[in-house]
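Notes follow the structure.
The values are calculated or read from the model by the stated rules, or taken from the named source; none is laboratory data. Computed from a prediction, not measured in an experiment: that's the story for all the values here. Counting neighbours? That spans all protein chains shown, and the Cβs are built from the backbone with ideal geometry, glycine included.
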Amino acid sequence: MKNSEKTTVFTIGLSLATIIAMFLVQIKAQGKVDILCSYLDPIIVDILAFSAGLFLVIDGIHRIWEHKDARLKNQITRSIRVALGCAILTLHIMQFIHK
C-alpha cells in the first residue's frame with residue numbers, strides 16, 4: 001500500500017471515529033442537562049465555530065494532498081487536524097439543528 005493510501009485510510013477512519021464519538025457524547029449530554037446553556041448562545045457562535053471547523057478540515061486535507069508521498073508518521077498531525085475539524089463540525093451542526 002502506498003503512503004498516500006495509508007494516510008487516506010487513516011484520516012478517514014480517524015475522522016469517522018471522531019464524528020461517531022462526538023455524536024454519542026452530544027446525544028448523551030443532551031439528556032442529562034436540564035438547561036441547555038450552549039444552545040442559548042447567539043447563532044453567530046455556531047457559524048464561527050462551523051467556519052473554524054471547516055477551515056481545519058480543508059487545510060488538513062490540502063496539506064495531506066500537498067505532501068501526498070510523505071509517510072503516515074509525518075502526516076499524522078494533519079490527519080488529527082482533519083479529525084478535530086470534523087468534531088467541531090459535528091457538535092455545532094447538532095447544536096444548530098436543535099436551535
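Among the residues of segment 40-72, those that are without any contact (Cβ under 8 Å) to a residue 12 or more places away in the chain, more than 17 Å from the chain's Cα centre (by Cα) and part of a helix (DSSP H, G or I) comprise L40, I44, W65, E66. Pairs are defined by a Cβ separation below 8 Å, a sequence spacing of at least 6 or placement on different chains, a first member in segment 1-30 that is closer than 16 Å to V82 by Cα and basic (K, R), and a second member that is assigned to a helix (DSSP H, G or I) and at pLDDT below 95; the pairs so defined are K6/L72. For segment 50-99, taking the residues that are under 18 Å from M22 (Cβ atoms) and among the basic types (K, R), the one that is modelled with the highest pLDDT is identified as R81.
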